Every structure is written in structure tokens, then in C-alpha cells.
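The values are calculated or read from the model by the stated rules, or taken from the named source; none is laboratory data. None of these values were measured; they are calculated from a predicted model. Quick reminder, even Gly has a Cβ in these numbers, built from the backbone with ideal geometry, and neighbours come from all protein chains shown. What goes into the accessible areas is simple: the full protein's heavy atoms, side chains included, and nothing from ligands, DNA or RNA. Shrake-Rupley method; radii C 1.70, N 1.55, O 1.52, S 1.80 Å.
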Amino acid sequence: MARRPVAFVGAIVLLVEAVGIALLNWFLGLVVNKQDMSLAGLDPHAMSVSTWIAGGVFGLYLALCGGVLARSAVSDRAPGRFGRLLLISAAVVHGLLGAFSVGLVGWPAFVLMMVVLGLIVLTLVAYDKKPDGVTDQPRTGNGAAGGGAPENGAPQPA
């Protein structure tokens, strides 16, 4: 199956996106700092510093998600509970960013967000949590060979 390449591509895309988001927020912080204008009485320096911090935090979050995908691809195993929660939150974030980006940026940005969302979700569903060789077979009765009581508890006819 193609789950390892999908996880590798998803990891690379998330790492590139992390760097892009961090650089974009760094640039926006510089613009706000050079404008020397206040918004609703806020200090321009405080706004630029908060933009840099937000870009760094969001970039680290995306890099951590990319690291989880890369680890899954290298080990060819499903991410753990924390990794799955992290990737699910990243999928939700990309879905929301895709919805907002249609009106603000345009359809190419929407398509990019949906591709990243698809890579994350495909990685999540491609790795199953069951180990190899374990199947879902229904249990019969109390585990005794040849039957036992049916699931509803009624006696079995002789």
C-alpha cells in the first residue's frame, strides 16, 4: 500500500508549510513595525512581537505534526494517541483554513489546503491500530467449543 509515501509527502508538505507560515508572520510583523500605526490604541511594537510569537508557535505546531507524519512513515506504524490527536487537530485546522482561504485568497489556496488535509486524513486512515494477524471474528457464546448461550441470553435448543 502507498501509506509510507503518503506519510513522507505529508511530512514534507507540513514542514514546508511550517517554514512558510513562520516567514509570513515574520514579514507581517516587520510591516506592522514599520507602519508605526496603532490599531484600537495598541502599541505597534506589541503587535509586531505578538505576530512573531504567533508565527513561531504555529510554525512549531506544524513542524511537530510533520515530525509525527515522518516518524509514522519511517517506522511504518500508526502514530500513538498523542500523535493521532495532533494530526486530527491539524486536519481540522486545514479544513477551516481552506474554508476561509476561498474568500480571502482564492481557489488555488483552497486546493492547497484540501491537498494537505487529504494527506493528513489519508495517513490517519491508512495506518490501522490492529497488529498484523489479528482479525475481527465474532465470538460465539461463552467461548466454549460448539456453542454456548446465544448473545441474547436465551437457552439454545437441543
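From the set of residues in the range 56-92 that are touching a residue at least 60 places away in the same chain (Cβ under 8 Å) and open to solvent by 10 Å² or more (accessible area, probe 1.4 Å), which is nearest to the chain's Cα centre (by Cα)? So that I can check it myself, show each step before the final result.
Just the residues of the range 56-92 that are touching a residue at least 60 places away in the same chain (Cβ under 8 Å), to begin with: 69-70, 72-73, 76, 90.
Still in the running and open to solvent by 10 Å² or more (accessible area, probe 1.4 Å): 70, 76.
Working: 70: 12, 76: 17 Å.
Residue satisfying both the conditions and the ranking: 70.
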Output the residue which, of all residues in the range 26-47 that are modelled with pLDDT under 90 and surrounded by 15 or more Cβ atoms within 10 Å (Cβ to Cβ), is farthest from residue 14 (Cα to Cα).
44
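Suppose we filter the range 4-37 for residues that are of a type outside the set (A, V, I, L, M), farther than 20 Å from residue 112 by Cα and part of a helix (DSSP H, G or I); how many remain? Break it down into steps so the answer makes sense when it comes.
Our first condition is that a residue be of a type outside the set (A, V, I, L, M); within the range 4-37, this holds for 4-5, 8, 10, 17, 20, 25-27, 29, 33-36.
Going one step further and asking which of them are farther than 20 Å from residue 112 by Cα, we end up with 4, 26-27, 29, 33-36.
The next check asks that each one be part of a helix (DSSP H, G or I); those that pass are 4, 26-27, 29, 33-35.
Qualifying residue count, the range 4-37: 7.
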Here are 2, 7: which of them is surrounded by 12 or more Cβ atoms within 10 Å (Cβ to Cβ), in contact with a helix residue (DSSP H, G or I) (Cβ under 9 Å, 6 or more places away or on another chain), closer than 29 Å to residue 120 by Cα and of a type in the set (Gly, Ala, Ser)?
7
Yes or no: residue 13 under 12 Å from residue 120 (Cα atoms), open to solvent by less than 60 Å² (accessible area, probe 1.4 Å), at pLDDT 95 or above and within 16 Å of the chain's Cα centre (by Cα)?
yes
